[in-house]
Amino acid sequence: PEAVQPLLLEYEFGAPAHRDPAVSVLRELEVDAAAVESLYLRQLEAAREALVLRAALDSEAAAGPLLRRLDERLAEALGALLAFLAVLHDDERIAEFERRLRRAQGDRSRDILVEAIEALLTPEERGALLPLLESGAWEKRGRRAAEQLGRPFPSAESAWGELPNDRDELTRRLVAFLAVRSLEPGTEIGDASAMLDPMEIAVHLQGVPAFDRLSTQQLVGLAETLQEERYAAGQSIFAEGDEGEGVYFVFGGVVELAVGEVELERIGPGAFFGELSTLDGVPRSTSSRALQDSRLLRLTREDLLVLMEEAPALGIGLGQFLSLRVRALRDRLGSSR
């Protein structure tokens, strides 16, 4: 019995991957259905609130990073809700469909899974979860969720007004950041004494393809680990043969990669370099220098390996990025023959 409460909390707030082993244990324990039902209803309210705000802000161009966080909250809540239902129904199929739904690609695959899930639920459960499960126009779904909450559907202005007091700390941090900073791409490098805010770094990293799979929370964790470094135009960053002590992300400026006197590549904002020797521990095979005054963010090898263990999505993203880089190099060599 002592194991039930922490497992239930892990179900509600834990990472999706942690729910998978927890569901089997919970289904084998004598769990108080009333306790699960209470957590289910609380999570249902949180999901509806996230959906209402997401729908109200859907057309707000400036809310991009915030919409991503609300999407994540909605997905997290839906996963927890289905996990609770798997325990209440003692039905492994609901848990399995939740895992597949989490990884579904494309509306067609998602719609098929939603139909399968709905077939396992009671009419009351289907009515409660339908706005969360279905795809389609945000406003229609948001209005239905607002009706279920017994509140009016807010205007975008009203939604912005609610967010500073939102229950989610990360959402509040994003709102505060968006209120004081311009998120226009290509922001000029400012005062050398001004350090970057982790939220600003996290928003910047959202545009880096290797990090597409990371959640906003994981991006903020990554941002808090990065070390900011400044280089003047012409200054060396590392030389051939140096130890691979970290991977660099270009926040501002332009960096050259070279072998001897031969320039291989120019790296601009939103890209990163130095990842190969950082991952395999082999000395640098290229040199790098700043072509312009540049602001870089360095992730040490030790921190990178720790983050890859804690967030496997980072390793997957880096692997995909390296694959694309190898393909581009192969195509370039092929066209030069």
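The values are calculated or read from the model by the stated rules, or taken from the named source; none is laboratory data. Keep in mind that this is a model prediction, so the values were computed, not measured. Neighbour counts are summed over all protein chains in view; Cβ atoms, including those assigned to glycine, are modelled from backbone coordinates with ideal geometry. For the accessible areas, the whole protein counts, side chains as well, though only heavy atoms, and no ligand, DNA or RNA atoms are used. Shrake-Rupley method; radii C 1.70, N 1.55, O 1.52, S 1.80 Å.
So which residues in region 23-44 are part of a helix (DSSP H, G or I) and either exposed (fewer than 15 other Cβ atoms within 10 Å of the Cβ) or free of Cβ contacts under 8 Å to residues at least 24 places away in the same chain (or both)?
We begin by selecting, within region 23-44, every residue part of a helix (DSSP H, G or I); these are 23-28, 33-44.
Across region 23-44, the qualifying residues are Ser24, Val25, Glu28, Ala33, Ala34, Ala35, Glu37, Ser38, Leu41, Arg42.
Residues of region 206-235 that are under 10 Å from the mean Cα position of the chain (by Cα) and closer than 10 Å to Phe249 by Cβ: Phe211 alone.
One line per residue, one yes/no per condition, for (1) open to solvent by 20 Å² or more (accessible area, probe 1.4 Å); (2) at pLDDT below 80:
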site: Gly252; (1), (2): no, no
site: Leu279; (1), (2): yes, no
site: Arg295; (1), (2): no, no
site: Leu299; (1), (2): no, no
site: Leu307; (1), (2): yes, no
site: Arg330; (1), (2): yes, yes
site: Ser336; (1), (2): yes, yes
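Picking from Ala75, Ala63, which residue would you name as being small (Gly, Ala, Ser), buried (at least 18 other Cβ atoms within 10 Å of the Cβ) and touching a residue at least 24 places away in the same chain (Cβ under 8 Å)? Before the answer, list the steps.
Numbers: Ala75 fails: buried (at least 18 other Cβ atoms within 10 Å of the Cβ).
The unique qualifying residue is Ala63.
Counting only residues that are in contact with a Lys or Arg (Cβ under 9 Å, 6 or more places away or on another chain) and over 21 Å from Leu205 (Cβ atoms), which one in region 254-276 is surrounded by the fewest Cβ atoms within 10 Å (Cβ to Cβ)? Going through the qualifying residues, I end up with Ala258.
Just for region 167-195: of the residues that are among the hydrophobic types (A, V, I, L, M, F, W, C), modelled with pLDDT of 80 or more and in contact with a helix residue (DSSP H, G or I) (Cβ under 8 Å, 6 or more places away or on another chain), which one is surrounded by the most Cβ atoms within 10 Å (Cβ to Cβ)? Of everything passing the filter in region 167-195, Leu174 is surrounded by the most Cβ atoms within 10 Å (Cβ to Cβ). The residue pairs whose first member lies in region 113-130 and is within 16 Å of Phe84 (Cβ to Cβ), whose second member is open to solvent by less than 20 Å² (accessible area, probe 1.4 Å) and outside any helix (DSSP H, G or I), and whose beta carbons are closer than 8 Å, counting only pairs six or more residues apart or on different chains, are Leu129/Leu121. Across region 124-165, the qualifying residues are those that are part of a loop (DSSP other than H, G, I, E, B) and either touching a Leu at 6+ places or on another chain (Cβ under 8 Å) or among the hydrophobic types (A, V, I, L, M, F, W, C) (or both), and the one among them that is least open to solvent (accessible area, probe 1.4 Å) is Pro154.
With the structure loaded, tell me whether Leu120 is farther than 30 Å from His204 by Cβ and surrounded by 16 or more Cβ atoms within 10 Å (Cβ to Cβ) or whether it fails that test.
Answer is yes for this residue.
Criterion first (open to solvent by 80 Å² or more (accessible area, probe 1.4 Å), in contact with a strand residue (DSSP E or B) (Cβ under 7 Å, 6 or more places away or on another chain) and either under 24 Å from Gly253 (Cβ atoms) or modelled with pLDDT under 85 (or both)) does Arg284 satisfy it? So Arg284 fails the test.
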